[in-house]
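Trainee: Have a look at the structure that comes next, please.
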Amino acid sequence: LDLNLHFTGAAGLTAANAPEDTRMVEALATFEAIYAEAGIRLGTITYRDIDETFSFIDGIMGPGADFEAAAALTEGAPPGVNFIFVDEIVDSSNPLGGFGVILGVSGGIPGPIGLQGTSRSAVIVDVTPPEMAGDIPFGVTMAHEMGHFLGLFHSSEMPFVNLHDPLDDTAENDVSNLMFFEASNGGTTLSPQQSTVMRSNPWVRHETGDTP
């Protein structure tokens, strides 16, 4: 899985210092350890800087939404899924935007395939979450949101909603699952069917002889 990492200056991270920064090194190691369970490893990683204005994201979807404007800045990036790292994500125009802390947002379930520079061509992750979000490494948030981008729904939504994904082998309300709705639980496990969905996404390159 090739990644393009885009830096807004959030948490002092830039394209120049991120490759050696302990926080980013640990986040990528966490991400890859989780994805190894699905048979996916990291490929080419590209580091890029983008407009520091987008270190604060307000709005997820629609005209004027910062998410869409930031995602569009991935135009010209090489093949690979785009992460954009920010200091905070809010959705003040949404009546439900104040419900909980937003740790990350995916451009879709799945996200655009083979396209850069669209309004949904990115996964945005908060690298400086508040204390109320729990002590969860942002590498876990990266893995969770990338799961969405590669086609996974939440394994279970909020208990009072009583919605679950369509996969047969994801237990309901399993807080250990990576895709449980409340990522701050820190779940990192993936089921065989979840792994198959992820490997089947065209963003995942298969070496000769590999099958999804």
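Trainee: For the chain, with all protein chains present and a 1.4 Å probe, just round the carbon and sulfur fraction of the accessible area to a whole percent. Don't skip to the answer; put the middle values down first.
Mentor: Values: 5410 of 9800 Å².
About 55 percent, which is the carbon plus sulfur part of the accessible surface.
Trainee: Which of these, Leu163, Leu115, Leu190, has the largest mean-square fluctuation under a Gaussian network model of the chain (Cα springs below 10 Å)?
Mentor: Largest GNM mean-square fluctuation: Leu163.
Trainee: So if I place +1 on the C-beta of Lys and Arg and -1 on the C-beta of Asp and Glu, and nothing else carries charge, what would the dipole magnitude of segment 108-197 be about its Cα centre? I want it in debye, nearest 20.
Mentor: Computed about the Cα centre, the dipole is about 380 debye.
Trainee: Over the chain, give the accessible area per residue in Å² for a 1.4 Å probe, as an integer.
Mentor: Per residue, the chain has 46 Å² of solvent-accessible surface.
Trainee: Now for a separate question. Using 1/(1 + (r/R0)^6) with R0 = 25 angstrom and r between the beta carbons of Leu42 and Leu115, what's the FRET efficiency to the nearest 0.05? Could the numbers behind the result be given before it?
Mentor: On the way: r = 21 Å, r/R0 = 0.84.
Using R0 = 25 Å, I get an efficiency of 0.75.
Trainee: Considering only Val90, Val25, Val175, give the residue with the highest GNM mean-square fluctuation for the chain, with springs between Cα atoms whenever their separation is below 10 Å.
Mentor: Result for the chain, Cα springs under 10 Å: Val25 fluctuates most.
Trainee: Given the Cα-Cα distance of Glu52 and Asp168 and 0.36 nm per residue of separation, how much length would full extension add, in nm?
Mentor: Extra length available between Glu52 and Asp168 comes to 37.5 nm.
Trainee: Please report the relative contact order for the chain, taking Cα pairs under 8 Å with a sequence separation of at least 6, and give it as a percent rounded to a whole number.
Mentor: 21 percent.
Trainee: Using +1 at the C-beta of Lys and Arg and -1 at the C-beta of Asp and Glu, which of Gly80, Phe54, Ile40 has the Cα lying farthest in the positive direction of the dipole of segment 1-109?
Mentor: Final value for the positive-end residue is Ile40.
Trainee: Have a look at Pro63, Pro78, Pro112 and tell me which one the Gaussian network model of the chain (Cα, springs below 10 Å) gives the largest fluctuation.
Mentor: Evaluated over the chain, the most mobile residue of the options is Pro63.
Trainee: Which value, in debye to the nearest 20, describes the size of the charge dipole of the chain about its Cα centre when Lys and Arg Cβ atoms bear +1, Asp and Glu Cβ atoms bear -1, and nothing else is charged?
Mentor: Working: 6 positive and 29 negative charges, 102 e Å.
Approximately 500 debye in magnitude.
Trainee: Please pull out the direction-averaged projected area of the chain, using the convex hull of its alpha-carbon atoms, in nm² to one decimal place.
Mentor: 11.4
Trainee: Just for segment 31-172, what percent of DSSP beta bridges are antiparallel, to the closest 5?
Mentor: 35
Trainee: Still on this structure, I have one more. Which FRET efficiency, nearest 0.05, do Ala69 and Arg23 yield, Cβ-Cβ r, R0 22 Å?
Mentor: Here the calculated transfer efficiency is 0.30.
Trainee: Ok, one more. Please list Leu167, Leu13 in order of solvent-accessible area, largest first, computed with a 1.4 Å probe with all protein chains present.
Mentor: Ranking Leu167, Leu13 by accessible area, largest first, yields Leu167, Leu13.
Trainee: Based on the Cβ-Cβ distance from Thr14 to Glu88, what FRET efficiency comes out when R0 is 22 Å, to the nearest 0.05?
Mentor: Efficiency at R0 = 22 Å is approximately 0.75.
The values are calculated or read from the model by the stated rules, or taken from the named source; none is laboratory data. What you see is a predicted model, and the numbers here were worked out from it, not measured in a lab. Don't worry about glycine lacking a Cβ; one is built from the backbone with ideal geometry, like all the others, and counts go over all protein chains shown. These area figures cover heavy atoms from the full protein model, side chains too; ligands, DNA and RNA do not enter into them. Shrake-Rupley method; radii C 1.70, N 1.55, O 1.52, S 1.80 Å.
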